[in-house]
Structure formats: C-alpha cells, structure tokens
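Notes follow once the structure below has been shown.
Quick note: the coordinates plus some simple rules give every number you see, no bench work behind them. The structure displayed is predicted, hence computed values, not measured ones.
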C-alpha cells in the first residue's frame, strides 16, 4: 500500500507525482534510453492533427482530450527510463526528508526506497485540464508544447544534479538551491499562465 504522495512538478495539463498509487499504465515503464539524453520535442500536431497555431478557446472537447492524451504519452516516453525514475525518487526522498525536518541521507534513502517500491513517478490519469480552461483562453497548442518541452528539459537536467543520490542531503546550500529551482516555473509555462491563469498546472 502506498503511504505517501509527492507532487514533483507539473507540465502543461499534467501533474507528475510519486507514490500515489494508480493503474500500471500510468507509471513510467523503465524503458530504454538515458535520463540525461536530450529530450525529443513535443509534437502534438503530429499525433493529434490539431494545428499548433490553434488557440485552446477554438478547440473542440475531443481536440482538447486528444492533446491531453498526447501530452501524457510524451511524458511517459521521455521520463520513463530507469535513470530518470531513480532521480525523481531521490528528489521525492529529499523533499520528504525536508518536510519532516530530518534532512539526512538516511531519511532521504528511506523516502527514495519507498518511492521506488511504489513504482516511481506517475503521470496522473485525472481530468484533462484543457477541458475546464477559460472560454477566452488564447494559449496556443505551440505554446503548450513549449511549456512541456521546458519542463521535461528541466527534469533531464535534474538527473545530473541528483546523480550522487541522497548524499546531497549533507550539503545544505546545494539542497536549498535545488528546492528553489523546483519552485520556479519554466519561462514558457509562466508565459501561458499569464495569458490563461492555471493552464500549465504549475499553480
């Protein structure tokens, strides 16, 4: 039974969590590839047929759902490798240790181990955020892709930062810098939230 849930980040439309339970098809599959490899750009037009220049306000319900489904598939493809899974579980362990006021490598390792045992990160399978976007939301599909790309690039950069695992818990300066970085929105996500508040899911 999964006893904790950590919201690690969100990327256009879709929250990424660890240890929250859920069906097998919502979890990373430990597929091939390296977490430090360059991310493949999001291309929702290719997978959905929805033009990149179209605004959310002009999309049908089916088009919005197709974009959410494409975003989920892209996240799983880019973040499902074993190295990225391990880094996200380390981050989860560090966050849990900080939350309990016990920022030691041992406390981090305990949280990271529980995260790994629970299946690692998950792409939440809830409602499509685009379906409830403001009626005048002028954010385009291209802008959603840019937010997703910057978020995924940030995760892949994080893999290198966490390569030494929970040893980072002993370096308070590095730990504070890591947490500060996790609290800031990627510029592309901040830009779309300015146009359509909350659409990136980063609030």
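Which whole-percent values make up P(r) of the stretch 43-166 when all C-alpha to C-alpha distances are grouped in 10 Å steps starting at zero?
13, 35, 26, 20, 7, 0
Would you mind calculating the gained length between residue 47 and residue 132 on full extension (0.36 nm times residue separation, minus the Cα-Cα distance), in nm to one decimal?
Between residue 47 and residue 132, full extension yields 28.4 nm more.
Just the ratio, please: alpha-carbon radius of gyration of the stretch 94-183 over 2.2 N^0.38 Å, N its number of residues.
Computed over Cα atoms of the stretch 94-183, the ratio equals 1.39.
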